[in-house]
Amino acid sequence: MRRALLLGTAFILSSSLPALAVTDYEVEQLRQMIEQMRIELQQVKEENRRLKEEIRLLKGGATAKGAPSFKSKSGKSVDFYGFFKIDAAYSDSKAVGKDYILFVLPETSSSNDDDFNLNFKHSRFGFLIKTEEGDYKIVGNLEFDFYGDLSGSNDPNKEGIRVRKAWVQFGKEDWNIRAGMDWMLLTQLYPHLSNFPSGALMGNIGYRIPQIRFTKLFKTESGKFTTQVALDKVWGDPWNDPLKPYIDTGSDSGTPDVQGRFVYDFDLEGVKLHLGVIGHYGKMQIDLAGGDKYLDTYSYGFEGAISPAGWLTISGKIWAGRNLAGWYTGGIGQGVLYVDSQGLYTKLADVKDDKPTDAREIDAKGGWIEVTLKPTSQWLFHVGYGVDDPDNDDFKYGSDVYKKARTKNTMYYANGLYKLTPSLGFMMEYLRVKTDYDFISADGTVNRFQGSVLYFF
């Protein structure tokens, strides 16, 4: 209303100028009125903007996509992300793991002892901080989930928060250095299962570990070549000594392991291809009754993926190696055969004598293949197979055999994710795991049906 009156006044005055003798004072007054009108109009626009923002917040509106969630005290842009994942799972036989399956127990009189579980531990949240300072791009990442319960009580009211990632990275366009807790180079390409962790001990090797990683990118006319090298904390068995819980056979070697990954991503007549080579080498020190013994840990493998169409991807990995227990997640969790006067073992903590008399590495090979289908923006499907196959001869020591050895672990799976909205999804998965025990002729098989509700934020 005020704006209309002011405009009308200006129009009347301006149209009357030829008929009236307008003084300089009156012209200045008119100019000031118009300037005041402009200022008040700008104030109204700003107040409208603030009101719209308050309404958006009251309605629970999300931050604009791509915008930072909030600012840190030092002014850094911080993205807060994550998802809720509530899992309900039914298994028809006994397996190692309730929240997830690693392998199946042998068929015995308790076979077909089914199990139902409901949990939220797979939910996670994280913070991603990105800045550019001078010529450097700096990134930091903290990520957590709820698998931190070390009490063994399986009480959902006592679940602890577990660190998944804690790393900082700096670099430029074609290179970077990352230091901290992150996924090994061995498992940058992985199968997609709702069962957590994805394919561990069933054909996929590698997990998260503290590391210092260097990445260098080389662009070509048709694609990109990535070379990566990392120094990682060697995973090893903990000592069977409550007075030395801080020492394990990996860190006791005094050296890190070295991991490498070299991949080429390119297009070939419209088909997207990914080809790569992976591997690692490290040492472990075993404190035997007769003195120290050093054991090797290593792996080598190939990874690949092909996408002939945007809705179809076929990916996989094959590998072989030695002493791949622990976070290397190979050999079905069996990396070393320990010997003492009372028997054979695959865990240092199980040794009955004060110290083992000997220790030998266990070799293994395996891999996985997966087909991914994405027919629409709402539907996503995965179908896959994986196998982890230790060398049976490595469970033998002279005339003795480690009869409890898990000699082969195989998985078959199919899952589908439907997004009801961009943030809310529902997932179903069927997983079949078969674990062989060749030395006792009592294999184990489990069928697991899992349903999940996911809310991404």
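A few points about this structure:
- When the test is whether a residue is closer than 24 Å to Lys98 by Cα and either touching a Gly at 6+ places or on another chain (Cβ under 8 Å) or of a type in the set (Lys, Arg) (or both), Lys408 passes it.
- The listed residues are Lys293, Lys283, and the only one of them that is among the basic types (Lys, Arg) and in contact with a helix residue (DSSP H, G or I) (Cβ under 8 Å, 6 or more places away or on another chain) turns out to be Lys283.
- Selection over the range 118-150 of residues that are farther than 19 Å from Phe84 by Cα and part of a loop (DSSP other than H, G, I, E, B) gives a count of 3.
- Residue within the range 298-309 that is in contact (Cβ under 8 Å) with a residue 40 or more places away in the chain, touching a helix residue (DSSP H, G or I) at 6+ places or on another chain (Cβ under 6 Å) and not polar (S, T, N, Q) present: no
- Subset of the range 113-144 (residues that are surrounded by fewer than 16 Cβ atoms within 10 Å (Cβ to Cβ) and aromatic (Phe, Trp, Tyr)): Phe116, Phe120, Tyr136
- Restricting attention to the range 255-280, the residues being among the charged types (D, E, K, R) and buried (at least 16 other Cβ atoms within 10 Å of the Cβ) number 4.
- The C-beta contact set for the range 201-225 (first residue among the polar types (S, T, N, Q), second residue at pLDDT 95 or above and part of a loop (DSSP other than H, G, I, E, B), distance under 7 angstrom, 6+ apart or interchain) comprises Asn204/Tyr190; Asn204/Pro191; Asn204/Thr329.
- Whichever residue in the range 225-254 is hydroxyl-bearing (Ser, Thr, Tyr) and either farther than 22 Å from Arg322 by Cβ or loosely packed, with under 15 Cβ neighbours inside 10 Å (or both) and, among such residues, is modelled with the lowest pLDDT: Tyr246
- Filter pass, Gly171 being of a type outside the set (A, V, I, L, M, F, W, C), within 16 Å of the chain's Cα centre (by Cα) and in a strand (DSSP E or B): no
- Selected residue (criterion: surrounded by the fewest Cβ atoms within 10 Å (Cβ to Cβ)) from residues of the range 399-457 that are within 20 Å of the chain's Cα centre (by Cα), more than 14 Å from Asn195 (Cβ to Cβ) and of a type in the set (Ser, Thr, Tyr): Ser423
- Being surrounded by 19 or more Cβ atoms within 10 Å (Cβ to Cβ), part of a loop (DSSP other than H, G, I, E, B), among the small types (Gly, Ala, Ser) and modelled with pLDDT under 95 holds for only one residue in Ser93, Ser153, Ser110, Ser194, and it is Ser93.
- When residues of the range 119-148 are limited to those that are in contact (Cβ under 8 Å) with a residue 12 or more places away in the chain and among the charged types (D, E, K, R), the one farthest from Ser452 (Cα to Cα): Asp135
- Of Ala305, Ala325, Ala289, all but one fail to be assigned by TED's automatic domain parsing to the domain that holds Gly223 and within 17 Å of Gly223 (Cα to Cα); the exception is Ala305.
- Some residue of the range 155-164 being of a type in the set (Lys, Arg) and free of Cβ contacts under 8 Å to residues at least 24 places away in the same chain: yes
Residue-wise test of (1) at pLDDT 90 or above; (2) in a strand (DSSP E or B).
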position: Gln43; (1), (2): no, no
position: Thr63; (1), (2): no, no
position: Gly82; (1), (2): yes, yes
position: Tyr100; (1), (2): yes, no
position: Phe116; (1), (2): yes, yes
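- Residue match in the range 22-29 (condition: at pLDDT 80 or above and outside any helix (DSSP H, G or I)): no
Per-residue answers, yes or no, for (1) in contact with a Lys or Arg (Cβ under 8 Å, 6 or more places away or on another chain); (2) closer than 22 Å to Thr407 by Cβ; (3) crowded, with 16+ Cβ neighbours inside 10 Å:
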site: Gly282; (1), (2), (3): no, no, yes
site: Lys293; (1), (2), (3): no, no, no
site: Gly301; (1), (2), (3): yes, yes, yes
site: Gly316; (1), (2), (3): no, no, yes
site: Gly330; (1), (2), (3): no, yes, yes
site: Leu344; (1), (2), (3): no, yes, yes
site: Thr357; (1), (2), (3): no, no, no
site: Leu380; (1), (2), (3): yes, no, yes
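- Test: Thr407 is farther than 15 Å from Ala200 by Cβ and in contact with a strand residue (DSSP E or B) (Cβ under 6 Å, 6 or more places away or on another chain): yes
- Residue match in the range 237-258 (condition: more than 28 Å from Asp354 (Cβ to Cβ), in contact (Cβ under 8 Å) with a residue 60 or more places away in the chain and in a strand (DSSP E or B)): no
The values are calculated or read from the model by the stated rules, or taken from the named source; none is laboratory data. On a predicted model such as this, the values are computed, not experimentally measured, just so you know. Virtual Cβ from ideal backbone geometry, glycine too; neighbours counted across all protein chains shown.
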